[in-house]
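Chemist: Just dropping this structure here.
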Amino acid sequence: MMRYRLFSPLFLCGLLALAPSLATAATVHGMVSLPEEIKSGRRFLGHWRVENTTVAVQPAPARGDTVVVLVGPKPQVLAPKNTPVEIVGMQANPATVVVGEGAVVEFRNSDKVSHDLSVPGRPEIMPPERLAPGTVRKQRFGISGEYVVRCTEYPHIVISVIVTSSPFFAAVDEKGGFKLLDVPEGPATLKVWSNGRWVHEQAVEVTPRGLDLTIKVPSTANKDVTEQ
Amino acid sequence: MFLSKIWFVLVGLLAGVAVTAAFVAPRPADRHIEQLEGQRLDRAQYAAEQMLKSDAHRWIDSVAKLGRDAHLTEALDSSSRGAGEPKALHETVRSRLKALVPDRAAAGVESLVAVDSKGRVVARIGDDEGEYGESIAGAEVVADALRGYLSDDVWGASGRLRRVGAVPVISRSRERIVGALVVAVETGKRLAEIWKRNLGVDVAIVLGKTVVSSTLPEALLGQLPELIEQHATEIANHKRTRPLSLDMGNKRMLLIAAPFVGEASEQRAYYVLLNEKSPKSDPWVLLSNAKSDDLRWGGDFPWVPLALGMLAMIGIGLFLQRIEVEGPIRRLRAEVHSLARNELQKLDDTRYGGKLGGVARDINATVERFTHAPPPKSEMAKKDIAAILDQSGSADGQSFDVSRAKPAKPAPAPNPASVAASLFGAPKLPPTVGGPPPAVAPPSPVAGPQAPAAPTGSTSRPSSLPTLPSPLETTSSPTEEFAAVSPSSLIEAPSPPPLRRDVTPPPVPVAAGLTAAFATPPPAPRPAPAATNEPQDAETVHFQQVFEEYIALRGKCGESTTSVSAEKFLAKLKSNRDQLVAKYSCRTARFSVYVKDGKAAIKATPVRS
């Protein structure tokens, strides 16, 4: 009985302490509709690209290069950690990584050919360096920002490194859906990164009930956003 | 002269315009030629782009036909399903590819790769034929083919450019895609040579900062990648550059650069079409390139207008010279002749413009000066002789030639003897100006009393008459001096002078003194001495004797005797005698003739008693 009396106040105090955070946590989810030029799967087109007349053309597989990032609900810190990126089959997997400041990205070359990786125009961030088959290159990204790592020999290999303090990010699945859990209430900015650039940015107000967003990225600068 | 000057200025301006046009006119032509050359390169670039496009289509079609091969389809289907031994499938597919493309190099195929539906290489011919099993599904063109697209790309890996085409391989049941075929075509020297043959321009292929192949010596194209890099923005916006100039050794090239499509565009891969620019068309180059037919008579060259134009210019110039220079000069000369002939009092300087008018006014001023100012002594002596010998004043190189009269010095006053000596041919003595009088010779018995002593100084002789020892009395009084001739009496000598003492001669125009320079009128007839009305006294007889002796001596000396007027001669002798008598207070004067320097001359000696 005494133990019961003793635990009851502690339990209540714990509930009171956790109450604010539990009360403000919400879920932000939605759908991102990308334009055809992004969904086509080709960054560099040749002279011809015609469909065969026998079987249906398959959609481009999602390579994880579209990411939704929510910035600024409250000051948050994303702990830096090592993030692996594997280059195999002439493509990077994942193609986009979101890391905290000071995180190390490990580039592993699993191809049979070498890759020359660098951040073009930013040698101070990541200078060109040849990555032989079967080797790993560890690169630290200490400053917030967006960095596009390219292979000089095979330009279609693009690895986006987003360095941010926000822990609220999610990769878009093949259907365009995303889900951000435990987002605090309040104003925030939602950004969509795809194909090596920010393709969408909007201000949102996170409510206790959460948000369900449908984001349509226009083919050009026009952005059509419908908030539900 | 005004119109002539204007004409010369116009001709000079015309010549300047012609030279300017010769140097400037080729420049628009150069620009036009460069523009045409640029347009030619534009068309060549368009043709090259179309050739690339049609080549890509052709290779896609070719490899699509290969993809319908049953053996390949079966083998790739097996590999995709994981059925069969990979090595066996590799050998099967490779041998089949070799059978389908027996002469790969002649076709320009660098490699032909067969992948299964997972993007794994089953077999390849060409590069790395023994390698298989790795995945290339990440390559966009391969991924496209595995999704069902027929497409092309350009790769720029390992310092080489390759045009790539990929097609899906569809199962025999035509239900699914079992793999893909990828062909890589040579994009280097062979392509450049083909383009040069077809387009007629030189070709260079640039990958990054390297010229990977060219129809020109690649060593001369070292600055080409940098030049293209400078126009990267223009290339990105317009898919090509405008015509650019490039100095390549001693050649001036015009070039257009355009990017390759596909991944190679990201790797700064360009094809460059080059053409040698025409040489600059300065006049010397144009002349050196002229042919003889260009100047052929009857050809396109405008000989007739050019000749007519030049003749017209020359004619106008000569005409203006004639009416403004030669004509006025001719008129001025005629007027001056008339002035010399005493037909005019002065020139009509208003008829002449410019410098000729100034010359006319100067002549008039000179005439005015001679009319109102005493002439120099040499002129007086000349006039004196003219008055003696001839009515027209022609000395004609007689014994009283002007050349014998020494010009008087302005200061100090010359010795009168020098003038007298020059007039009468007496031997010249040292001047007595400022010095003691010369020694007086004893008087000649013939000449009468001794001549008066020489004056103490020239200042006492404002008339500046010369002193001369009498030649007739050289044995008795060699330093006898006497007054020679008064200038005023000479100027006012009658024309023709009558042989009378009491006649005052009318003034003679100064212009008469100039007749020696402009005209020589015929000599007046010499009157006979007997025709005079003078009394036949001793003086007259003496004068007539002197005249006859003088005429005779002139005849002996071979000089003309017809030009000497007796009347003027006698009048002059009398005048001189009177002047000597008045000046030296002597009774009379005696004259004698003698030969000096082969010519007749006269001496005068005063006689006191």
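The values are calculated or read from the model by the stated rules, or taken from the named source; none is laboratory data. Computed from a predicted model, the values in this text were never measured in an experiment. Note that each Cβ is placed from the backbone with ideal geometry, even for glycine, and that neighbours are counted across all protein chains shown.
Chemist: Determine which member of the set B:E110, B:E85 is of a type outside the set (S, T, Y), surrounded by 19 or more Cβ atoms within 10 Å (Cβ to Cβ) and more than 14 Å from chain A (Cβ to nearest Cβ). I'd like the intermediate steps shown before the answer.
Modeler: Numbers: B:E85 fails: surrounded by 19 or more Cβ atoms within 10 Å (Cβ to Cβ).
The unique qualifying residue is B:E110.
Chemist: For the range A:160-186, enumerate the residues that are of a type in the set (D, E) and either assigned to a strand (DSSP E or B) or touching a helix residue (DSSP H, G or I) at 6+ places or on another chain (Cβ under 9 Å) (or both). Spell out how you get there, then give the answer.
Modeler: Keep residues of the range A:160-186 that are of a type in the set (D, E), which gives A:173-174, A:182, A:185.
Hits for the range A:160-186 are A:D182, A:E185.
Rundown of residues vs (1) outside any helix (DSSP H, G or I); (2) within 14 Å of chain A (Cβ to nearest Cβ); (3) aliphatic (A, V, I, L, M), yes/no style:
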{"residue": "B:E226", "(1), (2), (3)": "no, no, no"}
{"residue": "B:T241", "(1), (2), (3)": "yes, no, no"}
{"residue": "B:L246", "(1), (2), (3)": "yes, no, yes"}
{"residue": "B:V261", "(1), (2), (3)": "yes, yes, yes"}
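Chemist: When the range B:55-80 is examined, which residues are found to be touching a residue at least 40 places away in the same chain (Cβ under 8 Å) and more than 16 Å from B:A166 (Cα to Cα)?
Modeler: B:A70, B:E74, B:A75, B:D77, B:S79, B:S80
Chemist: Do you know which residues across the range B:175-206 are under 20 Å from B:S151 (Cα atoms) and within 11 Å of chain A (Cβ to nearest Cβ)?
Modeler: Selection gives B:R176, B:I177, B:V178, B:A180.
Chemist: Looking at A:V50, A:V77, A:V57, can you tell me which residue is under 17 Å from the mean Cα position of the chain (by Cα) and of a type in the set (A, V, I, L, M)?
Modeler: On the way: A:V50 fails: under 17 Å from the mean Cα position of the chain (by Cα); A:V57 fails: under 17 Å from the mean Cα position of the chain (by Cα).
Step by step, each of A:V50, A:V77, A:V57 is checked, and only A:V77 is under 17 Å from the mean Cα position of the chain (by Cα) and of a type in the set (A, V, I, L, M).
Chemist: Which of the following residues is of a type in the set (V, I, T), more than 18 Å from A:R137 (Cβ to Cβ) and not assigned by TED's automatic domain parsing to the domain that holds A:R140: A:V50, A:V98? Walk me through it before giving the result.
Modeler: Working: A:V98 fails: not assigned by TED's automatic domain parsing to the domain that holds A:R140.
That would be A:V50, the only listed residue that is of a type in the set (V, I, T), more than 18 Å from A:R137 (Cβ to Cβ) and not assigned by TED's automatic domain parsing to the domain that holds A:R140.
Chemist: Do any strands (runs of 3 or more DSSP E) entirely within the range A:36-94 hold 2 or more residues that are β-branched (V, I, T), crowded, with 17+ Cβ neighbours inside 10 Å and within 14 Å of chain B (Cβ to nearest Cβ), and if so, which?
Modeler: On the way: elements: A:49-51, A:66-71, A:83-88, A:91-93.
Correct list: A:83-88.
Chemist: Is it true that A:A79 is at pLDDT below 85 and either closer than 26 Å to A:G177 by Cα or in contact with a Pro (Cβ under 7 Å, 6 or more places away or on another chain) (or both)? Show your work before the answer.
Modeler: Numbers: at pLDDT below 85: yes; either closer than 26 Å to A:G177 by Cα or in contact with a Pro (Cβ under 7 Å, 6 or more places away or on another chain) (or both): yes.
Here the answer is yes, as A:A79 does meet what is asked.
Chemist: Here's another thing I want to ask about it. Take B:R268 and tell me if it is of a type outside the set (A, V, I, L, M), in the same structural domain as B:L224 (by TED's automatic domain parsing) and closer than 30 Å to B:A56 by Cβ.
Modeler: Details: of a type outside the set (A, V, I, L, M): yes; in the same structural domain as B:L224 (by TED's automatic domain parsing): yes; closer than 30 Å to B:A56 by Cβ: yes.
Yes, satisfied.
Chemist: So which residues in the range B:163-174 are of a type in the set (K, R), touching a helix residue (DSSP H, G or I) at 6+ places or on another chain (Cβ under 9 Å) and facing another protein chain (nearest Cβ under 7 Å), if there are any at all?
Modeler: Residues of the range B:163-174 of a type in the set (K, R): B:163, B:172, B:174.
Those still in the list that are touching a helix residue (DSSP H, G or I) at 6+ places or on another chain (Cβ under 9 Å) too: B:163, B:172.
Scanning the range B:163-174 gives no hits.
Chemist: Let me ask another. Go over the candidates B:L14, B:L52, B:L97, B:L41 one by one and state the one that is away from chain A (no Cβ under 14 Å), part of a helix (DSSP H, G or I) and closer than 21 Å to B:V167 by Cα. Walk me through how you get there before you give the answer.
Modeler: Working: B:L14 fails: closer than 21 Å to B:V167 by Cα; B:L52 fails: away from chain A (no Cβ under 14 Å); B:L41 fails: closer than 21 Å to B:V167 by Cα.
Answer to the check: B:L97.
Chemist: How many residues does the range B:579-609 hold that are buried (at least 21 other Cβ atoms within 10 Å of the Cβ) and not in a strand (DSSP E or B)?
Modeler: 2
Chemist: Does the range A:135-159 hold any residues that are within 12 Å of chain B (Cβ to nearest Cβ) and assigned to a loop (DSSP other than H, G, I, E, B), and which are they?
Modeler: The answer is A:T152, A:E153, A:Y154, A:P155, A:H156, A:I157.
Chemist: Next question. Does at least one position in the range A:97-109 carry a residue that is touching a Gly at 6+ places or on another chain (Cβ under 7 Å), touching a residue at least 40 places away in the same chain (Cβ under 8 Å), part of a loop (DSSP other than H, G, I, E, B) and not β-branched (V, I, T)? Full working, then the answer.
Modeler: Filtering the range A:97-109 down to residues touching a Gly at 6+ places or on another chain (Cβ under 7 Å) leaves A:101-102, A:109.
Still in the running and touching a residue at least 40 places away in the same chain (Cβ under 8 Å): A:101-102.
If we keep only those that are part of a loop (DSSP other than H, G, I, E, B) too, we end up with A:101-102.
Then drop every residue that is not not β-branched (V, I, T), which leaves A:101-102.
Yes.
Chemist: Kindly provide the set of residues from the range B:113-124 that are more than 7 Å from every other protein chain (Cβ to nearest Cβ), surrounded by 16 or more Cβ atoms within 10 Å (Cβ to Cβ) and part of a loop (DSSP other than H, G, I, E, B), ordered by number.
Modeler: First, pick out the residues of the range B:113-124 that are more than 7 Å from every other protein chain (Cβ to nearest Cβ): B:113-118, B:120-124.
Pick out the ones that are also surrounded by 16 or more Cβ atoms within 10 Å (Cβ to Cβ) and you get B:113-117, B:120-124.
Passing the criteria: only B:S117.
Chemist: Inspect all residues belonging to the range B:235-245 and state whether any of them is surrounded by 12 or more Cβ atoms within 10 Å (Cβ to Cβ), small (G, A, S) and under 30 Å from B:S151 (Cβ atoms).
Modeler: Checking the range B:235-245: not a single residue is surrounded by 12 or more Cβ atoms within 10 Å (Cβ to Cβ), small (G, A, S) and under 30 Å from B:S151 (Cβ atoms).
Chemist: Filter the range B:210-232 for residues that are more than 53 Å from the chain's Cα centre (by Cα) and surrounded by fewer than 17 Cβ atoms within 10 Å (Cβ to Cβ) and give the result. Lay out the reasoning, then the answer.
Modeler: Just the residues of the range B:210-232 that are more than 53 Å from the chain's Cα centre (by Cα), to begin with: B:210, B:212-213.
Once the filter is applied, which keeps residues that are more than 53 Å from the chain's Cα centre (by Cα) and surrounded by fewer than 17 Cβ atoms within 10 Å (Cβ to Cβ), the range B:210-232 yields only B:T210.
Chemist: Select from the range B:125-162 the residues that are in a loop (DSSP other than H, G, I, E, B), closer than 14 Å to B:L112 by Cβ and either more than 7 Å from every other protein chain (Cβ to nearest Cβ) or not β-branched (V, I, T) (or both) and list them in ascending order. I'd like the intermediate steps shown before the answer.
Modeler: Our first condition is that a residue be in a loop (DSSP other than H, G, I, E, B); within the range B:125-162, this holds for B:127-134, B:136-139, B:148, B:156-161.
Next, from what is left, pick out any that are closer than 14 Å to B:L112 by Cβ: B:127-129, B:131-132, B:136.
Matches in the range B:125-162: B:D127, B:D128, B:E129, B:E131, B:Y132.
Chemist: Run down B:A264, B:A340, B:A290, B:A258 and say which single residue is of a type outside the set (K, R), modelled with pLDDT of 90 or more and out of contact with any Gly (no Cβ under 8 Å at 6 or more places or on another chain). Walk me through how you get there before you give the answer.
Modeler: Details: B:A264 fails: out of contact with any Gly (no Cβ under 8 Å at 6 or more places or on another chain); B:A340 fails: modelled with pLDDT of 90 or more; B:A290 fails: modelled with pLDDT of 90 or more.
When all the criteria are applied, what remains is B:A258.
Chemist: May I pose another question? Criterion first (of a type in the set (A, V, I, L, M) and modelled with pLDDT of 95 or more) does B:A166 satisfy it? If you could, list the steps in order and put the result at the bottom.
Modeler: Working: of a type in the set (A, V, I, L, M): yes; modelled with pLDDT of 95 or more: yes.
Considered against the rule, which asks whether it is of a type in the set (A, V, I, L, M) and modelled with pLDDT of 95 or more, B:A166 comes out as yes.
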